[in-house]
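Colleague: Dropping a structure here in structure tokens format, bear with me for questions.
Each value in this text was obtained by applying a stated rule to the coordinates, not by laboratory testing. Values in this document were obtained by computation on a predicted structure and should not be read as measured data. We place every Cβ from the backbone using ideal geometry, glycine too, and count neighbours over all the protein chains shown.
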């Protein structure tokens, strides 16, 4: 009996000891976890703090650049300051992204910073090409300066707030970008020859000619386009924006296809659909797909389209066709057609770039002859083909060029010479393999 | 910014086509920067064996691999273009045939940017109609071309608090084929949102500011706006 009691006591002590060890273990483990979590939180706070300090520093440097730019008429000095402003603006933009992206707050700041960088690049290019800073451009620079000055004051105030937060021991996790509304209220609308010009990224909706069509009319066009029964067409996604379109949905072979048709003119604008990847068949090659895409465009009534580039992705080939008029190829006016390598059917269509351009391309007479333009191309390039082409400029404008295809060693290039100024405006390197033709 | 302008020039510019962004993609028997898979591992192994490469054998054709390939090509009388085609493969003593397939599946070669975009699409909009997933990818790309946002895909995706799926870690889920195709379509120029730079769920959106943006369309549960 006594032995039994002793055994029980032993077991009880063992259990108590085990429990004690487990509790100690859990405590050590959890304290390790808490320490890790604290370390991570501190690291995150440090990252925000560093980003903010750098952001303020770059903003001050932009302001300093403007300060100096205001008092210089020397081209070399102006270039130097513009390079500094642009570099500092690019670095400020990177740091701004690390701080909370409250809509309408950081976006105001980033927009100004990005446009300052872009506008500086535009002015530098202009000066390099022999131009000077015009009075109107000086006025814009002054407005930008005032804006940066105000933003800088707000950023410095934000830095003080951040330091107070750190001093109070609170986390910077919820740190927000300073409200920039007062700084940007007089911010100019920037229109210049650059991609962030207001008219470029904020494009007006495309106005198409033709009668307004009803949803039912569009349904008929979709049935013709897809060669399907109208009964299989359902309501899709009506959309506005750059285009105003009716939307349709068609379920074919278990897959959904979405088609949009412009309300003005009733043009089929896009076909977007998903089909699970299928094994390509030997019978259907990228060449077959290109032919199918070209035939499809003809069936749809597009007569003046020339194949340009294509690319194989998974089990589909995306073929690009540019509009051609009077033997001048117009790259901005383009249509994309996707064809399946598995079944040979058209799986995608996009004519947004086609309809965004005028119906008829305005081709001006080139001021240079083909021979004169050819002389501007380096003699190291072995020219294999040449033609007139319209390429897009920085501001959705069109530039009439001579296009020269040529080879240097094993590489193929396309060189564009402005048919008006004779300047070499673009060089592309062609990469061609079994996955398609790409330009870099 | 230079990077952004170049990207714009290329993408808007030419061809709406498929240019430099997708030029990083490789399929079949040619390997470029951005390729992935066993063939890349084999190339890396060979380059490491001959001391051209000191990175990890991870099967991802990144900058390190590209530099090593160029170095190898220079030393072997090949054009130093950083691309492993037949001649470079032969000099390396490997055969690339059958290394990757154009038939889809998870081992397809893909550029890092497209993959990040696909992860964003999957995290933010899986279960949405395909066209809605393309639109989400297009919004990310539209932001890179808009001065109010960072200028790279990674910059936009990881902009603090810009996407809830990044904050809660869903961004790290592996994208499915639908999200991959949606990302590729958007990279190829498809934009069902017609230039939108925002999207939100009207049921769960908390910031009233977002409701002031001009709406382009609603696809599934997302409203796309400018």
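Colleague: Please report B:199, B:115 as a ranked list, fewest other C-beta atoms within 10 angstrom at the top and most at the bottom.
Modeller: Ascending Cβ contact count within 10 Å gives the list B:115, B:199.
Colleague: Also, quick follow-up: Work out the mean other chain Cβ neighbour count within 10 Å for the residues of A:238-251 and drop it here as an integer.
Modeller: 4
Colleague: If you don't mind, there's one more thing I want to ask. Going out from 0 in 5 Å bins, what whole percent of all Cα-Cα distances in the range A:63-190 drops into each bin?
Modeller: 2, 10, 20, 22, 17, 12, 8, 5, 3, 1, 0, 0
Colleague: With a ≥ b ≥ c the root eigenvalues of the C-alpha gyration tensor of chain A, is it rounded (a/c under 1.5), prolate (a/b larger than b/c) or oblate?
Modeller: oblate
Colleague: To test your reading of the geometry: what angle, between 0 and 90 degrees and rounded to tens, separates the Cα axis of helix A:75-96 from the longest principal axis of chain A?
Modeller: Result, in degrees: 50.
Colleague: Sticking with this structure for a sec: Starting from the Cα-Cα distance between residue A:57 and residue A:424, subtract it from 0.36 nm times their residue separation and give me the gain in nm to one decimal.
Modeller: Going from the current span to full extension adds 128.3 nm.
Colleague: When you count, for each residue, the other Cβ atoms within 10 Å and take the mean per peptide, how do B:145-153, A:166-174 rank with the highest first?
Modeller: Averaged packing, sorted descending, gives the order B:145-153, A:166-174.
Colleague: Rounded to the nearest 500, what is chain A's calculated 222 nm mean residue ellipticity when only DSSP H runs of at least 4 contribute -39500 (n - 2.57) each, over all residues?
Modeller: -15000 deg cm²/dmol
Colleague: Moving on to the next point. By per-residue mean of other Cβ atoms within 10 Å, what is the highest-first order of A:341-354, B:182-195?
Modeller: B:182-195, A:341-354
Colleague: Take every DSSP beta bridge with both residues inside chain A and express the antiparallel ones as a percent of the total, to the nearest 5.
Modeller: Taking every DSSP beta bridge with both residues in chain A, the antiparallel ones total about 95 percent.
Colleague: Work out the mean other chain Cβ neighbour count within 10 Å for the residues of B:123-130 and drop it here as an integer.
Modeller: 2
Colleague: Can you pull the mean other chain C-beta count within 10 Å for peptide B:144-156?
Modeller: Mean partner shielding for this stretch: 6.
Colleague: For an R0 of 56 angstrom, estimate the FRET efficiency from the Cβ-Cβ distance between residue A:220 and residue A:167 and round to the nearest 0.05.
Modeller: 0.20
Colleague: If you don't mind, another one. In what sequence do A:175, A:129 fall when counting other Cβ within 10 Å, fewest first?
Modeller: Lowest count first: A:129, A:175.
Colleague: Quick check on the range B:152-226: take the gyration tensor over C-alpha atoms, sort the square-rooted eigenvalues as a ≥ b ≥ c, and tell me if it's rounded (a/c under 1.5), prolate or oblate.
Modeller: Oblate is the answer for the range B:152-226, as a/c is 1.5 or above yet b/c matches or exceeds a/b.
Colleague: Follow-up question, since we're still on this one. Residue A:364 versus residue A:193, label points 7 Å from Cα toward the beta carbon: distance in nm?
Modeller: 1.2
Colleague: What is chain A's relative contact order, in percent, from Cα pairs under 8 angstrom and six or more apart in sequence?
Modeller: It comes to 9 percent, rounded to a whole number.
Colleague: With labels modelled as points extended 7 Å from the Cα through the Cβ direction, what inter-label distance (nm, one decimal) is found for residue A:146 paired with residue A:127?
Modeller: The answer from the label model is 2.3 nm.
Colleague: What is the helix-to-structure angle for A:215-226, meaning the angle in degrees between its Cα long axis and the longest Cα principal axis of chain A, kept from 0 to 90 and rounded to the nearest 10?
Modeller: With rounding to tens, the tilt is 80 degrees.
Colleague: Now, a different point. Rank-order B:174-180, A:308-314 by packing density, defined as the average count of other C-beta atoms within 10 Å over each peptide's residues, highest first.
Modeller: A:308-314, B:174-180
Colleague: If you don't mind, another one. Would you mind checking the tilt of helix A:2-70 against the longest principal axis of the Cα atoms of chain A, expressed as 0 to 90 degrees and rounded to 10?
Modeller: It is inclined by approximately 40 degrees.
Colleague: Hey, another quick one. Rounded, prolate or oblate for the range A:322-440? Axes are the square roots of the Cα gyration tensor eigenvalues, ordered a ≥ b ≥ c, and the cut-off for rounded is a/c under 1.5.
Modeller: Oblate shape, in that a/c is at least 1.5 and b/c is the bigger or equal ratio.
Colleague: Another question, then. Please arrange A:405, B:222, A:125, B:216 by how many other C-beta atoms lie within 10 Å of their C-beta, fewest to most.
Modeller: Starting with the residue having the fewest Cβ neighbours, the order is A:125, A:405, B:222, B:216.
Colleague: Residues in the range B:151-179, backbone N under 19 Å from the label point at residue B:204 (7 Å along the Cα-to-beta-carbon vector): list them, ranges by number please.
Modeller: Residues B:157-176, B:179 qualify, since their backbone N sits under 19 Å from the label point.
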